[in-house]
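One structure below.
The values are calculated or read from the model by the stated rules, or taken from the named source; none is laboratory data. All figures in this text were calculated on a predicted structure; none of them were measured in a lab. As a convention, Cβ positions derive from the backbone with ideal geometry for all residues, glycine included, and neighbour counts pool all protein chains shown.
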Amino acid sequence: MIGSRLEDLAGLLRETENRASAAQPCVIRPSLNMNRHKSGDPAIAARSGSGQHIATTLSTPRKEVELLLKIHNLSLENASEPKA
């Protein structure tokens, strides 16, 4: 009983190892570095106004740039509202 269970587990382990070795490695793409671009994207936006242009310039996905610009605009709106 224990021997057959060990054989089953060993088979599962071999199968898992085979699948893992056959798997494609993940592609790591450059991502938005919030520390590096936090002040850079809005400055570029002020000059160009285009999220696509910023994304191309920084080699960053367009959606990430658009999200950062939305957050920046919201923070500017909140900063300009009078405090109650």
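Could you list, ordered by first residue, the pairs with Cβ atoms under 7 Å in which the first is in segment 49-70 and in contact (Cβ under 8 Å) with a residue 12 or more places away in the chain and the second is small (Gly, Ala, Ser), at least 6 apart or interchain? Within 7 Å, the pairs are ILE54/ALA45; ILE54/SER48; PRO61/ALA55; VAL65/GLY51; VAL65/ALA55; GLU66/GLY51; LEU69/ALA45; LEU69/GLY51. For segment 13-33, filtered to residues that are of a type in the set (S, T, N, Q) and under 27 Å from SER59 (Cβ atoms), the residue that is modelled with the highest pLDDT is GLN24. When ALA55, ALA43, ALA10 are screened for being modelled with pLDDT under 80 and assigned to a helix (DSSP H, G or I), only ALA43 passes. Consider ASN73 carefully, then state whether it is under 25 Å from the mean Cα position of the chain (by Cα), at negative phi and modelled with pLDDT under 80. So ASN73 fails the test.
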